[in-house]
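The values are calculated or read from the model by the stated rules, or taken from the named source; none is laboratory data. As the structure is a prediction and not an experimental result, all values here were calculated from the model. Counting neighbours? That spans all protein chains shown, and the Cβs are built from the backbone with ideal geometry, glycine included.
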C-alpha cells in the first residue's frame, strides 16, 4: 500500500499528461514534416536534419507513450514477456538516441554552413546530410545492442537492468546520452553564433538572416536536450550507486520512483516541443506554417467567382 500520494499523482500525470504529450507531439511533428518538405526549406541541409528529427519524434512517441496508457488499466506487458521487455526498452532507447544525435548533426551542419572557407562550407550539403543521417541511424541502432542481451525480468516481475549491468548501463547512458550530445551541441552552437555575428559583408546579409533563423531553431533544440538529459542522467547514476542499499523505506522508494518518472517525462518532452518552439521563435517558419494552412483551406474550399463582381462563393470539395 502506498504511503505517499506520489503513485496516485503519477497515474494521473500518465492519464492526462502523457495523452497530451502524444497528441501534441504527433500533430506538431507532422506539421514539421509538412513544412520542412516545402520549397522554402527543402533546399537547406539543416531541413534534412530537422525533418529527420520530426520523423524520429513520431516514431519515439508512438513507441514509448501508448504502452504507458495501456498499463494504466491493464497488466503491463513488460512484466509478462521477456521478449517484449527487451524489445520495448531497446526501441525506446534507440529512438531517443536518434533524437539526440539528429540535433548534434544539425548543429554541426550549421557550423559548416556559416564558415567563410568555401571548402568547409561545401560540407553542408543535402547529399552529405542524407548520408550522415543514415550512418547515424546505423550506429545508434548497433551501439545499444547490449540492452536486449543483458536485460531481463527479475523475480519480482520487474523488467530492467540488474546487478553490475545497472551501474555499467548508467555509465554508458551518462557518456553517450547525457553528456556527449549536449556538449557537442553546445560547442558547435556557440561556434556558429560567434561566426554569425562576425560576418558583416553586406552582400551576405540575406544569407546571414536565413542562417541565423535556422541556427536559432537548432539552438532551441539544444537547450531542450540539455534540460531533459541532465535530470535523467542524475537519476540513472543515483539508481546505480544506491542499487545495493537494502534498507530503503517505502516512502523513499516511492519518492525515487516518482523522480525517475519525472526525469523520463522530460526526456519525452524532446519529441513533443520542437514544432511549438520553432513556430514561437522563427518568423519565417511561422509564415510558412500560415501559408501551409491557407493553401490547405483554399484547396478544400476553392474560391469560385460568380457573375456578380462583388460576390465569391467557396465550394467545398
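Quick look at the values:
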quantity: Residue 115 vs. criteria surrounded by fewer than 18 Cβ atoms within 10 Å (Cβ to Cβ) and outside any helix (DSSP H, G or I); calculated: yes
quantity: Criterion (closer than 26 Å to residue 178 by Cβ, without any contact (Cβ under 8 Å) to a residue 60 or more places away in the chain, touching a helix residue (DSSP H, G or I) at 6+ places or on another chain (Cβ under 9 Å) and part of a helix (DSSP H, G or I)) met by exactly one of 60, 98; calculated: 98
quantity: Matching residues in segment 158-180 - criterion: being part of a loop (DSSP other than H, G, I, E, B) and more than 15 Å from residue 86 (Cβ to Cβ); calculated: 163
quantity: Test: residue 47 is modelled with pLDDT under 95, under 17 Å from residue 274 (Cβ atoms), under 20 Å from the mean Cα position of the chain (by Cα) and part of a helix (DSSP H, G or I); calculated: yes
quantity: All positions within segment 230-263 that are more than 20 Å from the chain's Cα centre (by Cα), over 21 Å from residue 2 (Cα atoms) and part of a helix (DSSP H, G or I); calculated: 237, 238, 240, 241
quantity: Hits in segment 118-157 - residues which are assigned to a loop (DSSP other than H, G, I, E, B) and without any contact (Cβ under 8 Å) to a residue 60 or more places away in the chain; calculated: 122, 123, 154, 155, 156
quantity: Any pair with Cβ under 7 angstrom, 6 or more apart, that starts in segment 276-288 at a residue that is part of a loop (DSSP other than H, G, I, E, B) and ends at one that is at pLDDT below 85; calculated: 282/213; 282/216; 282/217
quantity: Segment 222-248 - residue that is surrounded by fewer than 17 Cβ atoms within 10 Å (Cβ to Cβ) and in contact (Cβ under 8 Å) with a residue 24 or more places away in the chain and, of those, farthest from residue 105 (Cα to Cα); calculated: 243
quantity: Test: residue 106 is surrounded by fewer than 16 Cβ atoms within 10 Å (Cβ to Cβ) and assigned to a helix (DSSP H, G or I); calculated: no
quantity: Some residue of segment 79-89 being under 28 Å from residue 223 (Cα atoms) and either in a helix (DSSP H, G or I) or touching a strand residue (DSSP E or B) at 6+ places or on another chain (Cβ under 9 Å) (or both); calculated: yes
quantity: Matching residues in segment 1-20 - criterion: being touching a helix residue (DSSP H, G or I) at 6+ places or on another chain (Cβ under 6 Å) and closer than 15 Å to residue 58 by Cα; calculated: 18
quantity: Complete set of residues in segment 28-44 that are surrounded by 13 or more Cβ atoms within 10 Å (Cβ to Cβ) and part of a helix (DSSP H, G or I); calculated: 28, 29, 30, 31, 32, 33, 34, 35, 36, 40, 41, 42
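Matching residues to (1) touching a strand residue (DSSP E or B) at 6+ places or on another chain (Cβ under 8 Å); (2) surrounded by fewer than 15 Cβ atoms within 10 Å (Cβ to Cβ):
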position: 134; (1), (2): no, yes
position: 149; (1), (2): no, yes
position: 154; (1), (2): yes, yes
position: 163; (1), (2): no, yes
position: 172; (1), (2): no, no
position: 184; (1), (2): no, no
position: 189; (1), (2): no, no
